[in-house]
């Protein structure tokens, strides 16, 4: 690992922390993606302001991905190594997990741990351990590489 290879990761992490902090300071909202998207789906009855900040947040996330694709397409190089059906199943399981855990990696892992939330620390430990276990099983037991 050299500075040119870790600098983008450090910069990205700093930007995630800065944006989560700004959202909390300016709006009092937690930057939990599953909660933001879920609230966007159900905010029709809660007013235009509630839906508008959530929509702006999601558009910003998508715009960041599109900008990266336009300016650094090599970041998207590489063939998929996992069956698309397995990816779809994983997505469904992540959705179930975020519902059961009342949040996702951004809400618990980034925002919750930084606020020293015991619930978020426990949730983050559980989903990290689960992710490691599933990766091990998929790669070494299931035969995927």
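The values are calculated or read from the model by the stated rules, or taken from the named source; none is laboratory data. Note that the structure is a prediction, hence the values are computed from the model and not measured. Methodologically, a virtual Cβ is constructed for each residue, glycine included, from the backbone with ideal geometry; neighbour enumeration extends over all protein chains shown.
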Here is a list of conditions, (1) farther than 29 Å from residue 140 by Cβ; (2) in a helix (DSSP H, G or I); (3) modelled with pLDDT under 90, and residue 14 meets all of them except one; can you say which number that is? (3)
Of the residues 45, 64, 35, which single one is out of contact with any helix residue (DSSP H, G or I) (no Cβ under 8 Å at 6 or more places or on another chain), surrounded by 11 or more Cβ atoms within 10 Å (Cβ to Cβ) and either in a helix (DSSP H, G or I) or modelled with pLDDT of 80 or more (or both)? 64
Quick check, is residue 124 touching a residue at least 24 places away in the same chain (Cβ under 8 Å), within 30 Å of residue 22 (Cα to Cα) and in a helix (DSSP H, G or I)? no
Count of the range 128-145 residues which are over 16 Å from residue 97 (Cβ atoms), modelled with pLDDT of 80 or more and loosely packed, with under 11 Cβ neighbours inside 10 Å: 2
Scanning the range 103-116 residue by residue, the ones that are closer than 15 Å to residue 29 by Cβ and in a loop (DSSP other than H, G, I, E, B) total 3
